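Remarks on the structure that follows.
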Amino acid sequence: MFHNIRKPVHISLKRQFANTFFVLLFGIGMGVFSKFLDCTPSNELPYFIEKIDLSNFLGRVAIWYFLAVFIAVYSKTPSRAAVNVFVFFVGMLAGYYVYTRIFAGFYPDRAYFMLWSGLTVISPVFAFVCWYARGRGKTAVIISSIIIAVLFLQAFNFGLMYFDVSSPLEVLVWIAGIAVLYKSPKRLVAVIAMSVVIAVVFRIIFPFGFLI
């Protein structure tokens with residue numbers, strides 16, 4: 001199904017380890033930063049961070065979904081994408097929950113932990129498929145459209161008689177997702193159009209929300 005739509009780039013084993021280690025550190029850092037913001041009263045944060053409500057933004061799905069897509073599509077091979085995204089989420093969870101236990105002084109919510117652990121377990125499959133989104137051909141367009149559709153659902157609330165912005169930051173993430181997967185103007189139009197159709201279908205199937 002995925003043959004010939006994107007060719008893997010082979011790199012040395014040393015480079016692979018270095019890239020994955022960087023991804024792990026990035027995941028740990030993001031997890032710690034997210035929990036730090038969550039545990040810090042908003043009036044003690046810099047005005048800009050408080051104003052854009054960064055803490056709540058990092059508590060939602062869109063930014064983590066985008067980061068996973070970014071890591072996946074810029075990995076050198078689909079198997080490296082699977083490894084890197086998995087390691088990113090492992091690092092994020094480790095940073096988040098170690099910070100919670102040591103600095104916040106309590107154990108994280110079990111249900112929330114199990115949810116993110118489950119997403120971490122399945123993330124390599126997601127990453128493997130997403131890697132092909134920057135390839136060529138119809139399959140790549142379909143994969144890109146599904147990715148952008150999910151970001152669209154996070155950025156906008158809509159129904160038969162209304163259309164609202166969920167969060168300006170999530171709109172920026174949606175735009176960033178489009179930029180990351182951009183290949184050509186013609187393909188851009190096709191991906192955006194198809195993603196809107198897919199988003200509407202998802203919203204009909206999941207009328208009370210998609211993902212988290």
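Odds and ends about this structure:
- Subset of the range 88-107 [open to solvent by 40 Å² or more (accessible area, probe 1.4 Å), modelled with pLDDT under 95 and of a type in the set (A, V, I, L, M, F, W, C)]: 94, 98, 102, 103, 106
- Lone unmet requirement of (1) over 17 Å from residue 91 (Cβ atoms); (2) in a helix (DSSP H, G or I) for residue 33: (1)
- Contact map, the range 175-194: residues that are touching a residue at least 12 places away in the same chain (Cβ under 8 Å) paired with residues that are of a type in the set (Phe, Trp, Tyr), Cβ distance under 6 Å, separation 6+ or inter-chain. Pairs shown: 177/66; 180/70.
Residue by residue, here is whether (1) part of a helix (DSSP H, G or I); (2) at pLDDT below 95 holds:
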{"position": "129", "(1), (2)": "yes, no"}
{"position": "139", "(1), (2)": "yes, yes"}
{"position": "147", "(1), (2)": "yes, no"}
{"position": "182", "(1), (2)": "no, yes"}
{"position": "189", "(1), (2)": "yes, no"}
{"position": "193", "(1), (2)": "yes, no"}
{"position": "200", "(1), (2)": "yes, yes"}
{"position": "210", "(1), (2)": "no, yes"}
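- Filtering 150, 171, 85, 129 for residues that are within 24 Å of residue 26 (Cβ to Cβ), in contact with a strand residue (DSSP E or B) (Cβ under 7 Å, 6 or more places away or on another chain) and open to solvent by less than 70 Å² (accessible area, probe 1.4 Å) leaves a single hit, 171.
- Checking each residue in the range 158-175 for being of a type in the set (Gly, Ala, Ser) and within 14 Å of residue 200 (Cβ to Cβ) picks out only 159.
- Selection from the range 71-117 of residues that are outside any helix (DSSP H, G or I) and charged (D, E, K, R): 76, 109
- When residue 6 is tested against (1) under 22 Å from the mean Cα position of the chain (by Cα); (2) in a loop (DSSP other than H, G, I, E, B); (3) surrounded by fewer than 17 Cβ atoms within 10 Å (Cβ to Cβ), only condition (3) is not met.
- In the range 105-157, the residue that is nearest to the chain's Cα centre (by Cα) out of those that are within 25 Å of residue 200 (Cβ to Cβ) and aromatic (Phe, Trp, Tyr) is 126.
- Evaluation of residue 74 against the conditions (1) buried (at least 16 other Cβ atoms within 10 Å of the Cβ); (2) within 19 Å of residue 8 (Cβ to Cβ) shows that the sole unmet condition is (1).
- Residue match in the range 90-102 (condition: small (Gly, Ala, Ser) and either in contact with a strand residue (DSSP E or B) (Cβ under 8 Å, 6 or more places away or on another chain) or more than 19 Å from residue 16 (Cα to Cα) (or both)): yes
The values are calculated or read from the model by the stated rules, or taken from the named source; none is laboratory data. Only a predicted model underlies this, so the values are computations on that prediction, with no experimental measurement involved. Every residue, glycine among them, receives a Cβ derived from its backbone with ideal geometry; neighbour counts consider all protein chains shown. We work out accessible area using only protein heavy atoms, side chains counted, and drop any ligands, DNA or RNA first. Shrake-Rupley method; radii C 1.70, N 1.55, O 1.52, S 1.80 Å.
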